[in-house]
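Just below is one structure, and these are the notes that go with it.
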Amino acid sequence: MTPAARLSAAIEVLDRILAGAPAEQALTNWGRANRFAGSGDRHALRDLVYDALRCKRSFGALGGAGAQVTGRAQVTGRALTLGGVRAAGLAEAALFTGVGHAPAVVGPLEVPREAGPNEALDCPDWLAAQLQASLGPEFEPVMQALRRRAPVFVRVNLARVDREEAARMLAAAGISAVPHPLAKTALEVVENARKIQTTAAYVSGLIELQDAASQAVVEALPLRQGMRVLDYCAGGGGKALALAAQVPIEVYAHDAEPRRMRDLPVRAARAGIKVRIVEDCAVSAPYDLILTDVPCSGSGSWRRDPQGKWALTAEKLAAVCAMQGAILDRVAPMVARNGALAYATCSLLVDENEAQVAAFLARHPAWAVQFQRRLSPLQGGDGFFVAIFTRLI
């Protein structure tokens, strides 16, 4: 596909997403309907689409969204794609030619306009005040960081290989990876990241794809040999695998939607570790440590899920905050005497982080905070928060 044809494909996919389709589904459906497109075309299309979603407001302004086209403001796949071309400083006249599979020539109403402060940062207006209060002087740099693609990290399975050897194995496969300071298990992949899942290191379970901040959360947990540990909101099981690779412990994984863990047994076998999937956590209680990586706004990981940024509403945020408190209350009785309860989010908001900690302590005066840490996207990984509670009596 020519660069111009890729832009046309991006317009088509973005229009589907703006109409309500999940981004991954829209990309998959396009690929199935256009099997002539090679892997390079599909990767390029994905990048165009996700760049546009991360920068939806600023690209929309650059692409002329908000101009009076039909009597009301419009944000379309075409406006986002045109805005992306202009943001990159590309020659729009050479790409929007209307010839062959190229998008139509740019019209007189498709003029860029100046974006407002929140538009320029691609920040939802309704959430800007909360983000400013939560981030302080880091508000603008963090929001700028969330407009860019997330770095790619792998977690080294230190139970089987050290970080230096893992980096050498990746280098032999043409992949450049360097140690990252957020976690002793973290390598940042700086070249040829898309080849990772075909490498011997990945296939043999020596490495797993995992954000560096997520690895740092696991590294902060008070693990010791022989512990019984529950990953309560396991999702795909990345943290459960990381826990099991730290020290010899019994790891249990639970998720409200068990289908999310369907690949976990295969991944655990590949890594040479054991993770027990449990439906009723109380049956296996008590646990020496329970990790609750709770559902949240996802604001710290908007680089990876930009669609989630625009789908979030005040009502959804209130509902997820209520769920977070309910989860802590539910699992606290399952912690053994002298055990620990870890609370984690990939959120930047005080309401989901420090405020939840304070609310839990107010409801449960027999608990105290042993450790608390906030991780910023400015440190390289996703935005994360972790707090570790212990019983006073």
Sorted by chain and then number, the residues having a modelled amide H within less than 5 Å of the amide H of Ala183, at least 5 places away or on another chain, are none
Rounded to a whole number, the Stokes-Einstein D of region 20-59 in µm²/s (Kirkwood radius over Cα pairs; 20 °C; 1.002 mPa s) is 199 µm²/s
Longest principal axis of the chain (C-alpha) makes with the long axis of helix 39-54 (C-alpha) an angle, in degrees to the nearest 10, of 80 degrees
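Step through the table entries Lys239/Lys274; Lys56/Lys309; Lys184/Lys309, compare each Cα-Cα distance with 19 Å, and write down the pairs that go over it. Spell out each step's value before the answer.
On the way: Lys239/Lys274 13 Å; Lys56/Lys309 10 Å; Lys184/Lys309 30 Å.
Lys184/Lys309, as the Cα separations exceed 19 Å there.
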Along region 29-37, Karplus-curve 3J(HN,Hα) (6.51, -1.76, 1.60; θ = phi - 60°) to the nearest Hz, with x for Gly and Pro, reads 5, 5, x, 5, 7, 10, 5, 5, 6
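So what is the calculated 222 nm ellipticity per residue for the chain, using -39500 (n - 2.57) for each DSSP H run with n of 4 or more, over all residues, to the nearest 500 deg cm²/dmol? Walk me through the intermediate numbers first.
Working: 18 runs with 162 residues, N = 393.
Mean residue ellipticity at 222 nm (helix-derived): -11500 deg cm²/dmol.
Dipole of region 299-393, Cα-centred, from +1 at each Lys and Arg C-beta and -1 at each Asp and Glu C-beta, to the nearest 20 debye? Show your work: numbers first, answer last.
Values: 10 positive and 7 negative charges, 47 e Å.
So the magnitude is around 220 debye.
Taking the solvent-accessible surface of protein heavy atoms with a 1.4 Å probe, what is the per residue accessible area of the chain in Å²? Spell out each step's value before the answer.
Details: 17360 Å² over 393 residues.
Per residue, the chain has an accessible area of 44 Å².
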Projected onto the charge dipole of region 249-393 (unit charges on the beta-carbon of Lys, Arg, Asp and Glu, signs +1, +1, -1, -1), the Cα from Val278, Pro265, Met323 with the largest positive-side position is that of Pro265
Counting only residues 5 or more apart in sequence or on a different chain, those whose built amide H sits under 5 Å from that of Glu191 are Ser176
Carbon plus sulfur, as percent of the 1.4 Å-probe accessible area of region 1-59, comes to 51 percent
Helix 3-18 sits off the longest principal axis of the Cα atoms of the chain, rounded to the nearest 10 on a 0 to 90 degree scale, by 60 degrees
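Express the Stokes-Einstein translational diffusion coefficient of the chain in µm² s⁻¹, to the nearest whole number, given a Kirkwood radius over alpha-carbon pairs, 25 °C and a viscosity of 0.890 mPa s. Before the final figure, lay out the partial values.
Details: Rh = 22.7 Å.
D, rounded to a whole number, is 108 µm²/s.
Ignoring ligands, DNA and RNA, what percent of the accessible area of region 176-226 is carbon or sulfur (1.4 Å)?
50 percent
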Of the candidates Ala129, Gly40, Leu27, the farthest towards the positive dipole end of the chain (Lys/Arg Cβ +1, Asp/Glu Cβ -1, centred on the Cα centre) is Gly40
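Any idea what the dipole of region 52-159 comes to, in debye rounded to 20, about its Cα centre with Lys/Arg Cβ at +1 and Asp/Glu Cβ at -1?
Working: 11 positive and 8 negative charges, 69 e Å.
Magnitude of the dipole: close to 340 debye.
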For region 86-132, the dipole about the Cα centre with charges only on Cβ (Lys and Arg +1, Asp and Glu -1), to the nearest 20 debye, works out at 140 debye
In whole Hz, the Karplus estimates of ³J(HN,Hα) for region 193-203 (6.51, -1.76, 1.60; θ = phi - 60°; x where Gly or Pro) are 4, 6, 8, 4, 6, 9, 7, 4, 4, 6, 4
Looking only at aspartates and glutamates whose Cα falls under 14 Å of Lys316's and that sit 8 or more positions away or on another chain, we get Asp351, Glu352
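Students sometimes get this wrong: rank Ser39, Ser176, Ser297 by accessible area, probe 1.4 Å, all chains present, largest first. Don't skip to the answer; put the middle values down first.
Numbers: Ser39 65, Ser176 40, Ser297 15 Å².
So the residues, ranked largest to smallest area, are Ser39, Ser176, Ser297.
The values are calculated or read from the model by the stated rules, or taken from the named source; none is laboratory data. Predicted model only: the values in this text are computed from it and were never measured. Note that each Cβ is placed from the backbone with ideal geometry, even for glycine, and that neighbours are counted across all protein chains shown. Side chains included, ligands, DNA and RNA excluded: accessible areas come from the protein's heavy atoms. Shrake-Rupley method; radii C 1.70, N 1.55, O 1.52, S 1.80 Å.
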